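Colleague: I have a structure I would like to understand better, so I am pasting it below and will then ask my questions one at a time.
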Amino acid sequence: MRLYLVIPGILFALAGFIFTLQGLGIVGPTSSFMFQNTSWIYQGLAVFFLGMLLILAGIWKGKPKKNG
């Protein structure tokens, strides 16, 4: 496992998840510019999926190669 890909991937996925929840109006103060703003739903999903790709890349690149 390549931690230099997995750790940022986790942070990106977490941030994207929070952005999406704020865009949906589930989390955050109502005075926030992100609260119930549909553009943050899409941006949050994009950041979330980028984080998931980083996590998967870190896991796949870290697998040992079979000899023989």
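The values are calculated or read from the model by the stated rules, or taken from the named source; none is laboratory data. Everything numeric in this text was worked out from a predicted model, so none of it was measured. Backbone-built Cβ (ideal geometry, glycine too); neighbour counts: all protein chains shown. Heavy atoms of the whole protein, side chains included, go into the accessibility calculation; ligands, DNA and RNA do not. Shrake-Rupley method; radii C 1.70, N 1.55, O 1.52, S 1.80 Å.
Colleague: Using per-residue counts of other Cβ atoms within 10 Å, averaged over each peptide, order 6-18, 30-42 from highest down.
Modeller: For the peptides 6-18, 30-42, the packing ranking is 6-18, 30-42.
Colleague: Accessible area per residue of the chain at 1.4 Å probe, in Å²?
Modeller: 74
Colleague: Which percent of the accessible heavy-atom area of the chain goes to carbon and sulfur, probe 1.4 angstrom? It would help to have the intermediate numbers written out before the result.
Modeller: Working: 3590 of 5010 Å².
Solvent-exposed carbon and sulfur of the chain make up 72 percent of the total.
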